[in-house]
1. How big is the Kirkwood radius of the chain, worked out from every pair of different alpha carbons and given in Å to one decimal?
2. Past 19 Å, Cα to Cα, is the threshold; run 312/339; 191/253; 339/460; 339/451; 92/121; 341/451 against it and keep the listed order.
3. I'd like the distance between the alpha-carbon centres of segment 148-193 and segment 260-278, rounded to an integer number of Å.
4. Quote to one decimal, in nm, the extra length available between residue 379 and residue 534 on full extension: 0.36 nm per residue of separation minus the C-alpha distance between them.
5. Work out how much length residue 463 to residue 55 would gain on full extension: take 0.36 nm times their residue separation and subtract the Cα-Cα distance, in nm to one decimal.
6. Please sort 2-9, 48-55, 496-503 by packing, taking for each peptide the average over its residues of neighbouring beta carbons within 10 angstrom, highest first.
7. Please compute the net charge surrounding residue 282, taking Lys and Arg as +1 and Asp and Glu as -1 over other residues with Cβ under 14 Å from its Cβ.
8. Percentage of Cα-Cα pair distances in segment 306-421 greater than 18 Å, rounded to whole percent?
Amino acid sequence: MASTLEKFIHSLDLRALPRVLQIQSGIYCQGSNYEMFGNELSLSTEEVIKVIGFKINKLIASVCENNEVSQFSAKVELPLNFPGLYKVVADKTPYMSIEEIARKVSIGPARFGHPCFYSAKDIKLANFTIKHGEQITFNSVEEVNGTMAVGCVVVRNTQSHSFTLPLSQEGEFYECEDDQIYTLKEIAEWKIPKCRNRIVKLSNTSHMWDSFSPLPENFDGCLILMPVYEVQAVMKFRKDIVHILSDLDVEVKDVTDCYDISSFLQPLSLEDIFERTSKEFPMVAEIMEGPSRSQKPYNLLSTGKEIVIYKKYQAARVLASEMRSDSSKRHFLIPMSYKGKFKRRPREFPTAYDLEIARSGKEQLHVVATKAFTSPHKELFSVSVGDQFLVQQCQTSEVLYEGRKKLIDVLACEQILSDSYKKVLLPMYMEGGFVEVIHDKKQYYLSEICKDFHLPFNVKVSVRDLSIEEDVLAAAPGLQFEEEITDSYLLISSASSPMESWEIPVYRLNMVVHLLSKDVQTVVPPVTRTTVEEVSEEQYYMLRRYENLALHPPPRPPKRPT
């Protein structure tokens, strides 16, 4: 039975991909040509295409009042990179079964793949009862004893209780309130259920367009977002991926069950390649869709080029940011193979607690106070601007508080006087300001800094990496090494002239390939070229957000006694 492309997308379960469609009718039938993303494409009647995926391409936004479109609101088109941070407003329309949730909402191991719902009524399981209104976290869709189910978690009194709910489970399920903030791109990828619109509230307006904004002036309210999807498909006689917008007036018919799906090329993302077993490497692939980045080596990965993928692995990187006073900071991921050298730059510390974190056994930390602090206790030291200290260690000290003695955490330091040193105690809760005094003139390699010092750490390139054609780090006025992260990479080279190899990031590079049945001429990869990867502002915050989730954050500085 034929349907419009838009209806087909709304009815499609992502788990059922790929699907083979036959063009039935529409304004692009009978050999009509149209241009999409710079490529001319012809969709003829009875032509078949293999749909391999779809995603939201853009959003149609309307100003929202009382959860409805404002009668005075014009619809505006927002690109996914439209700036700002947004809160998601919980959908008041219930889902009537677990199957409907699994079909319309993104659930899985990905970072945003854990939506939360509550049931309007109690749900009695074999050895567990889910109370009405209780938050249920959906983690996975899996097969349990031959029945498809959703893996769930409920937290009670800090204890996690895991269970499964079959897709056949019926009821009234509502979205839980979500306190997180998201970029528009994150919302489009994870927070808009199929066949539904999404209401969002603008949470941050500091990054609006520099010139023209399509939103009303001084807008700070709610928007209703309606998605327009883009279908990614493979055609019979093309070696690239075609992109078709869902709102095109085309009728299609699903003919998957009566078509040999293996006659199409099999597109693979870098994530698909990374999921292959180590025994399958090395492999030869042809690029079907290259990345849009102009930075080398990504600009060499053009559509149609053949590459050798030697292996997959996890590699360490240091996340660094330029030290600039304005907002146009650049961010970099620096490999441990970087051969340049660095000199230290002074660090700044907002609290005494930060001094304790920065302490190292390699040298004594020397700082100058940039902000005065008056101690409420006579046993502790009051700081004046310009006071200099050598940081010693954290300890506890007894102070008199409301006529009673009390133990608090303090930082033992030596105050540097003109001709002597004086032992002093600073309260750990002290909110002051300190800047580091650097005595060390040594030049360090990146690996030495990571081994000998605590991050964050401030540096400037003193000797650039001569193996890099253009060392972008050398031009930075200063760099702050923020944290060391581990990420997934593939090692590749050109198949036609394998003179050097490169590491390419699996999760930050949009590239699609298909495998070729060719033998790899050289199993041992050529010399690996060092690449400093510049990351966008959005990628930077994603890296900081999710790397920090894997770490146990340090305890908060103790509060000043009240």
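1. Numbers: mean 1/r = 0.0354 Å⁻¹.
Taking the inverse mean of 1/r over all distinct Cα pairs, the chain comes out at 28.2 Å.
2. Listed pairs above 19 Å: 312/339; 191/253.
3. Value for the Cα centre distance between the two parts: 29 Å.
4. On the way: separation 155, 0.36 × 155 = 55.80 nm, distance 4.95 nm.
Length gained between residue 379 and residue 534: 50.8 nm.
5. Working: separation 408, 0.36 × 408 = 146.88 nm, distance 4.48 nm.
Value of the extension gain: 142.4 nm.
6. Numbers: 2-9: 17.6, 48-55: 19.1, 496-503: 14.8.
My ranking of the peptides, most packed first, is 48-55, 2-9, 496-503.
7. Details: positive: 276, 279, 311, 312, 518; negative: 280, 306, 519.
With Lys, Arg at +1 and Asp, Glu at -1, the net is +2.
8. Working: 4605 of 6670 pairs.
Value for segment 306-421 (Cα pairs over 18 Å): 69 percent.
FYI, it's all coordinate maths here, none of it is from the lab. Keep in mind that what you see is a predicted model, and the values were worked out from it rather than measured. In this analysis, Cβ positions are derived from the backbone assuming ideal geometry, glycine residues included, and neighbour counts consider all displayed protein chains.
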